[in-house]
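Here's the structure we're looking at; comments come further down.
Every number here is computed from the coordinates shown, using simple stated rules; none is lab data. Quantities reported herein were computed from a predicted structural model and do not represent experimental measurements. Positions of Cβ are generated from backbone atoms using ideal geometry, with glycine treated the same way; all protein chains shown enter the neighbour counts.
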Amino acid sequence: MKKFLLFLFGIREKEEKREYRPKVTVLIPAFNEEKTIAQTILSIKAQTYPVEEIIVVDDGSTDKTGEIAKSLGARVVRTPKNTGTKSKALNFGLQFVQTEVVVMVDADTVLKEDAIEKILPALSDGETFSACGFVLPQKRRTFWERARYIQYLYFIGLPKNTQDFWGVPLVSSGCFSAYNTKMLKELGGFPEGTIVEDMVLTWQAHLEKKKTKLVPQAVCYPKDPENWHQYKAQMLRWNRGFLQAISVFGLKLLKNPRLAFFSWWYLASGILNLFLWVFFLGYLVWILWQKRYFVYPLYLLFFGMILEAIIVLIVVILNAKRTRTLKEAPLDFPLYWFISPIDSYLFFLSLWKEWIRGQKLVVWEKGH
């Protein structure tokens with residue numbers, strides 16, 4: 001019963017704290033990030049765990065990204081020309097890393113002051129390939145930022161936590177993850193064939209029987225979409241990247257049955273949610289048009305939505321309490337239901353472009 005409850009809510013028993021103090025390099029890929037790079041570097045310099053070096057990979061920026069980073073004490077390495085992808089920029093910078101651990105941080109992400117200190121113990125056994133932290137938006141002003149806040153609390157709090165409980169988190173998030181440098185280089189660095197290098201790398205690690213962990217206590221704050229255009233671009237990149245990963249690995253995923261289950265479940269649930277929302281909204285319009293308000297199938301739909309709402313609310317409240325954002329969570333919780341049909345539409349659009357039309361997304365667009 002205990003294991004079932006742990007599985008249901010993605011809750012793990014507390015891990016034993018280990019004394020582990022490796023030398024750490026922080027690697028930051030950056031292209032035209034003059035507005036955010038300073039805040040990112042300052043958050044790293046303010047860490048409770050001192051880092052050996054901060055390396056900023058200036059991927060052919062045309063603004064003052066490199067100058068700002070250098071003025072703040074970071075080592076700036078500039079690519080010969082803009083690589084066009086985050087993975088190529090990371091691989092360029094990886095050759096300069098000499099420390100036991102390398103931490104990847106996006107150029108628009110701010111770390112909580114103890115994030116690196118909290119994430120390092122996960123790598124202390126010498127067998128763990130990577131560890132990722134909990135993600136929360138830097139700002140929660142617009143509809144899109146507040147909706148993303150609820151999504152993070154739920155999807156990291158339950159689905160990803162459950163994946164981690166079974167040893168197969170689907171992605172060691174690119175905005176903030178720590179890697180065993182030797183293992184990373186032995187695996188060939190970051191894959192360059194897709195736009196989701198973090199997910200493909202994580203799946204490669206799982207198939208090579210290397211451990212990847214989620215550390216909820218290590219918190220980072222990326223800059224999330226502020227408007228529809230940014231949100232659409234980000235979701236299309238994530239969805240199409242996931243579809244690319246499915247295409248890359250295919251039946252090879254069966255080498256790790258748990259990875260196959262969670263990745264194919266994510267694909268199936270995305271397709272199923274699309275059909276459910278189309279059916280629900282279409283059925284609701286038909287009922288209102290026909291003025292037939294007491295229809296049995298509608299009761300089943302509402303019962304399912306209420307059950308889902310209860311589960312989502314519990315997970316959101318628990319994780320909001322843990323991240324000390326409990327005040328905002330109840331007010332923003334209803335946005336989950338507004339954003340869900342939008343996400344289903346964007347998943348369909350991703351399927352249409354990536355698989356049906358065969359228009360592979362190759363340009364890494366941040367979306368903000």
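Data table
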read-out: For 199, 183, order by how many other beta-carbon atoms lie within 10 Å, fewest first; value: 183, 199
read-out: Descending semi-axes in Å of the range 125-209, equivalent ellipsoid built from Cα gyration tensor; value: 26, 15, 11
read-out: Within the chain: Cβ-based charge dipole about Cα centre, in debye rounded to nearest 20 (Lys, Arg +1; Asp, Glu -1); value: 620 debye
read-out: Relative exposure of 306, 41, judged by other C-beta atoms within 10 Å (fewest first); value: 306, 41
read-out: Read-out Kirkwood radius over Cα pairs in Å, derived from the coordinates shown; its label in (1) 22.7; (2) 28.0; (3) 21.5; value: (3)
read-out: Partner aspartates and glutamates for residue 232 [C-alpha distance under 16 Å; skip if fewer than 8 residues away on the same chain]; value: 145, 224, 343, 354, 365
read-out: Ranked 34, 354, criterion: other C-beta atoms within 10 Å, fewest first; value: 34, 354
read-out: Net charge, residue 126 excluded, C-beta distance under 12 Å - Lys, Arg +1, Asp, Glu -1; value: +1
read-out: For the range 212-368, convex hull of alpha carbons as volume per residue, Å³; value: 174 Å³
read-out: Rounded to the nearest 20 debye, dipole of the range 257-356 from Cβ charges on Lys, Arg, Asp, Glu; value: 200 debye
